[in-house]
Each structure stands twice: as structure tokens, then as C-alpha cells.
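Taking it in order: structure first as C-alpha cells, then the write-up.
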Amino acid sequence: MHSATPYIGRFAPTPSGYLHFGSLLAALASYLDARHQQGRWLIRVEDLDQPRSIPGASEHIIETLACYGMYSDGEIIFQQDRLTTYQAQIDQWLTTGQAYYCDCSRRQLAEFNGIYPGTCRHRQLPAAADHAVRLIAPKQPLTALDRLQPPLTQDLATATGDFIIRRRDGIYAYQLAVVLDDIAQGVTDVVRGADLLDSTPRQQWIYQLLGQPLPRYLHIPLLLRADGEKLSKRLGSTPLDPAQAPTELFRALQALAQQPPLALRNANIAEQLEWAIAHWRPQQLSPTQNLQQDSLFD
Ligand code: GLU
């Protein structure tokens with residue numbers, strides 16, 4: 001843990017859609033947590049999956065965050081600019097035998113139900129651009145600790161099996177890139193949506209292999225739509241309208257259980273943020289309760 005290290009947090013959006021209310025909550029929670037602890041806060045664009053990236057989405061996300069008073073304290077990193085770093089790490093693990101090539105077809109993988117049984121682990125497949133690369137899972141279970149969620153223990157060998165760090169289409173896996181980037185940027189605190197809790201043990205395994213200290217984690221509950229579906233870019237949630245920023249920011253603080261005083265409803269962005277930084281209490285969030293969007297609206 002980094003108790004003596006200055007706080008560095010980040011928001012790491014994927015530009016497969018515009019910033020919507022659900023992603024605003026993750027951005028705001030990470031920002032408030034950083035500022036409350038006099039920390040730095042970075043924006044990193046996770047544009048690994050180019051075919052799924054929407055042109056203009058990165059700019060829209062960065063500009064919308066600015067409308068909400070949130071600016072990166074350092075250069076904004078784009079993962080597309082870091083591909084050689086990801087490949088270098090993969091090459092190293094291929095050399096040491098901690099990773100291997102896999103040519104299992106989609107059909108084969110479907111039979112495994114998401115838990116890879118290690119089919120290609122000992123096949124010594126040669127390098128090929130259209131082979132996936134998998135990282136060998138640890139034999140011992142890992143426990144992810146969180147400031148809000150109960151501890152999550154996962155035995156990766158049975159929960160996921162050896163997992164993909166480069167896909168067959170050559171795209172580097174989120175699990176790998178997120179850890180390499182958080183390490184490179186000195187991130188001490190990861191604040192993000194609870195949909196990523198399940199990924200945390202895989203990421204912890206990568207930290208462990210690299211001999212790096214773990215960040216602290218805070219996974220905030222997800223915002224659900226009235227019909228129970230997760231709000232996401234894929235579901236076409238409405239992009240935020242910058243003209244509505246003060247109103248939306250107030251709603252976001254309510255959604256994050258920060259109980260802003262009603263007088264703050266008509267305040268500008270700077271005033272709302274100032275109050276929210278001073279009063280940030282993530283423990284007021286309930287770990288399991290999903291944030292219902294409907295209850296937030298008038
Ligand atoms: N890029 C990921 C997403 O948009 C978030 C990654 C993270 O915060 O670890 O879901």
C-alpha cells in the first residue's frame with residue numbers, strides 16, 4: 001500500500017460512446033476522492049479497441065469533463081500511443097513462460113463457458129499475429145480489498161483460467177493495459193464502477209507478477225435504469241448536455257449519496273465542487289444498493 005505516497009487518482013474512459021450520467025458518476029467520484037485527499041487526478045483515454053471507438057468521442061468526453069470543472073492534472077494519455085509498451089511486456093512473459101500463444105477458435109472457447117482450461121498452455125505454439133496471448137493464472141486464490149465493497153476472493157484458475165492479454169485480432173486486453181498504465185502513471189487509488197470489481201483479482205495478479213504495490217480500490221455502485229439495466233454507452237444512454245451541467249452535477253452528487261444541501265442546487269459548478277470536495281464521504285454509498293436513476297429525477 002502507498003500510505004506515505006502522495007495520492008494519484010485517475011478517470012479512464014473508453015471512447016466507445018459519449019460521456020453519460022453513469023460515467024459522470026465514476027469521473028466525479030474519482031475526482032472528489034483525489035481532491036479531498038489533496039491528490040492529483042488524471043484523465044486517461046482507453047482507446048485500445050479502435051473498431052469500437054466512436055470518432056470524436058474522446059474529445060467529447062474531455063470537453064464535457066471540462067464543463068463539469070474536471071481537468072487532468074497531467075498530460076492526457078491515449079492507450080493507442082502505448083502499444084509498444086504493452087507488446088514489450090507480453091514478449092517478456094512469452095520468454096519467461098508466464099504467457100503463451102493460443103489459437104483456440106471462438107467455437108471451442110464457447111464450450112469452455114468463459115473459464116479457459118489451459119488447452120494451449122503446453123502446446124508451444126509459435127508466434128503468429130492471429131494467435132491470442134494468455135497469461136498463466138496463479139495457483140493460489142487472490143483477495144481484492146476495497147474501501148466500500150466486501151473483500152472479493154477469486155481463484156483465477158477456476159474463475160477465469162489463463163486469461164487473454166492480447167486478443168486474436170491483435171488488440172491488447174484491458175486487463176493488461178490498465179495495470180501497466182496505472183503503474184507507469186504512479187496511480188495510488190483506483191475509483192471506478194463496481195462492474196469492474198470482478199476484474200480486480202486478474203489485475204492484482206499482474207501487479208504481483210511485476211512486483212509492484214497494489215493501488216487502493218474504491219468501486220462505486222452502478223447506476224441502473226428503471227428497468228434494471230446498467231446505464232452504459234452500449235445501451236445508448238443520453239450524452240450529457242453541457243448546458244445542463246450545474247443541474248446534472250447536483251443530481252450526480254445526490255446519486256453518490258453525498259446529500260448536497262438544497263441551497264446548492266442553484267450554485268455554479270465551482271461552488272458545487274468546492275462543497276463536494278470538502279464533504280466527500282464515499283462511505284455514505286451503500287456497497288450493494290444500485291443507484292436507481294429514476295429516484296434522482298424530480
Ligand atoms: N476504461 C474502463 C471503462 O471505461 C475503465 C477502466 C478502469 O477504470 O479501470 O469501463
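Contact annotation: residue pairs with Cβ atoms under 6 Å, 6 or more positions apart or on different chains, pairing a residue in segment 134-157 that is more than 15 Å from Q98 (Cα to Cα) and part of a loop (DSSP other than H, G, I, E, B) with a partner that is acidic (D, E) and at pLDDT 95 or above, are P141/D155. Residues that are touching a Gly at 6+ places or on another chain (Cβ under 8 Å) and of a type in the set (A, V, I, L, M, F, W, C) within segment 118-135 comprise just one, A129. For segment 164-180, a residue qualifies if it is within 13 Å of the ligand (Cβ to nearest atom) and either of a type outside the set (S, T, Y) or farther than 24 Å from R216 by Cβ (or both), and the qualifying residues are Y172, A173, Q175, L176, A177, V178, V179, L180.
If the condition is being more than 23 Å from Q50 (Cα to Cα) and assigned to a strand (DSSP E or B), then segment 174-219 contributes D189, V190, V191, R216, Y217, L218, H219.
Considered as a group, the residues in segment 181-193 that are of a type in the set (A, V, I, L, M) and crowded, with 21+ Cβ neighbours inside 10 Å include one that is nearest to L28 (Cα to Cα), and that residue is V191. Check off (1) more than 14 Å from A12 (Cβ to Cβ); (2) of a type in the set (A, V, I, L, M, F, W, C); (3) away from the ligand (no atom under 13 Å from the Cβ) for A184 and give me the number that stays unchecked. Single failed check for A184: (1). What number of residues in segment 56-98 are more than 30 Å from V133 (Cβ to Cβ), under 19 Å from the mean Cα position of the chain (by Cα) and among the hydrophobic types (A, V, I, L, M, F, W, C)? Within segment 56-98, residues that are more than 30 Å from V133 (Cβ to Cβ), under 19 Å from the mean Cα position of the chain (by Cα) and among the hydrophobic types (A, V, I, L, M, F, W, C) number 3. When you check T96 against the structure, is it surrounded by fewer than 19 Cβ atoms within 10 Å (Cβ to Cβ) and on the phi < 0 side of the Ramachandran plot, yes or no? When the stated conditions are applied, T96 passes them. A residue that is of a type in the set (S, T, Y) and within 12 Å of the ligand (Cβ to nearest atom) occurs somewhere in segment 35-56.
In segment 38-50, of all residues being without any contact (Cβ under 8 Å) to a residue 60 or more places away in the chain and farther than 15 Å from F78 by Cβ, the one that is surrounded by the fewest Cβ atoms within 10 Å (Cβ to Cβ) corresponds to Q38. Restricting segment 194-217 to residues that are among the aromatic types (F, W, Y) and crowded, with 18+ Cβ neighbours inside 10 Å leaves a set whose member that is nearest to the ligand (Cβ to nearest atom) is Y217. Exactly one residue out of G17, G9 is within 16 Å of the ligand (Cβ to nearest atom) and farther than 16 Å from R147 by Cα: that is G17. Filtering A276, A255, A243 for residues that are touching a Pro at 6+ places or on another chain (Cβ under 8 Å) and either modelled with pLDDT under 95 or among the aliphatic types (A, V, I, L, M) (or both) leaves a single hit, A276. Scanning segment 20-30 turns up one or more residues that are modelled with pLDDT of 95 or more, outside any loop (DSSP other than H, G, I, E, B), hydroxyl-bearing (S, T, Y) and within 11 Å of the ligand (Cβ to nearest atom).
Here E111 does not qualify as exposed (fewer than 14 other Cβ atoms within 10 Å of the Cβ) and within 30 Å of P246 (Cα to Cα).
Being under 30 Å from A129 (Cα atoms) and either part of a helix (DSSP H, G or I) or among the small types (G, A, S) (or both) is a property that L109 has.
The values are calculated or read from the model by the stated rules, or taken from the named source; none is laboratory data. These numbers were taken from a predicted model, which means no experiment stands behind them. Cβ coordinates were reconstructed from backbone atoms using ideal geometry, including for glycine residues, and neighbour counts include every protein chain displayed.
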